[in-house]
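The values are calculated or read from the model by the stated rules, or taken from the named source; none is laboratory data. This one's a predicted model, so the numbers in the text were calculated from it and none came from an experiment. Heads up, the Cβs are rebuilt from the backbone with ideal geometry, glycines too, and the neighbour counts pull from every protein chain shown.
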């Protein structure tokens, strides 16, 4: 059974558009692109733009009109404007529709922008303040004036120096040359950044926390130094580039890569804060660092860290080489294989995997020809990876650091000398008087004291006495 219709329903159903709330109805206009760009050569980036009308709460097709251009490719809800049809710097496109007897319209503007021509360069401005240098054995305003190009500028700084014993720096304040002076907090200086040669003789004093002068120019150190606070030798690493900042120095350009862990704030196994990854190579890859100085007769502690991946399958050696003397094994390990030239292989596929730290010692003979060292790295592998790092060579205490005759008897700890440290041909060499000599501490014994000889029984009773 069909639903009955009254006259109102019939009129509403017959209407072409039914707008429930005209206040919410609208037309949205969008142009892509929204304008034409013309470069300085007169070329346009995009030849045409498409305008789309989106109906909100409305139904049907819109009617497009344009002012300042020609429309092409018009459909029910889109139209196209071509740049060649633009009649001026802008065009207005309007979309219209009538719904429920009420008209709706919306417009958008299509513009044209053009690049201008380049303007002329401006003139050169006056120079700014600079820092300049002049030669001289004393300060001279005339010398300073001659050092600044084109006359003095406020803030100019000039240093006059003879390159050795004299230097003075002053700043131009607009009227005269003034001595530059400043007081700096000690915490502003990087540790180890001030060279001793930069300190003026006779000006350095060292004070205790209570203000007591410990050391003044030309005086003796006024505080005791205990052995537990004294480091003999030097902790300085003589390897110039232990962080692998310069692969050219290591002869590894194109054959290694470096990870600077400390620079990234990453804490790792590598004590130096960086590691060098040795590139895989089917054949032997040999690199020799640039040379660095060593001291003949000195003893060195040599440290390095090596990490083999679990799947490492290859060969590796690390030498501290003193040309003409030794190829020192920095890992302290040795496997049965040799390189083609007979040099030993230190680690291979059977060696312990993971990161390891190696420490060895090397003492150089006293020979003036043995004053240079290099580091040789050899690797051959195609499977797995190998990294090295924390290479250091530091000098330790040895006899060459103590002058002959510098150690007095008062410096020797009581009861610390053993017989193996004494080498004399007669007893008079170590004693002017014999003092007390006993065959036993108590009980039956014979004692000699200077010029007296005594004998005692098991009960400590003296049985005889002989004197000179």
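Summary of computed values
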quantity: Qualifying residue in region 90-97 (condition: under 26 Å from residue 118 (Cα atoms) and within 60 Å of the chain's Cα centre (by Cα)); calculated: yes
quantity: Residue match in region 102-120 (condition: in contact with a helix residue (DSSP H, G or I) (Cβ under 7 Å, 6 or more places away or on another chain) and over 30 Å from residue 158 (Cβ atoms)); calculated: yes
quantity: Some residue of region 380-397 being exposed (fewer than 11 other Cβ atoms within 10 Å of the Cβ), over 30 Å from residue 251 (Cα atoms) and modelled with pLDDT under 90; calculated: no
quantity: Residue within region 352-362 that is in contact with a helix residue (DSSP H, G or I) (Cβ under 6 Å, 6 or more places away or on another chain), surrounded by 13 or more Cβ atoms within 10 Å (Cβ to Cβ) and closer than 23 Å to residue 239 by Cβ present; calculated: no
quantity: Failed criterion for residue 116 (all others in (1) in contact (Cβ under 8 Å) with a residue 40 or more places away in the chain; (2) in a strand (DSSP E or B) hold); calculated: (2)
quantity: Residue check for residue 275: under 20 Å from residue 356 (Cβ atoms) and modelled with pLDDT of 90 or more; calculated: yes
quantity: Residue match in region 122-130 (condition: in contact with a strand residue (DSSP E or B) (Cβ under 8 Å, 6 or more places away or on another chain), free of Cβ contacts under 8 Å to residues at least 60 places away in the same chain and assigned by TED's automatic domain parsing to the domain that holds residue 54); calculated: no
quantity: Filter result (in contact with a helix residue (DSSP H, G or I) (Cβ under 8 Å, 6 or more places away or on another chain) and more than 30 Å from residue 118 (Cβ to Cβ)) within region 39-68; calculated: 56, 57
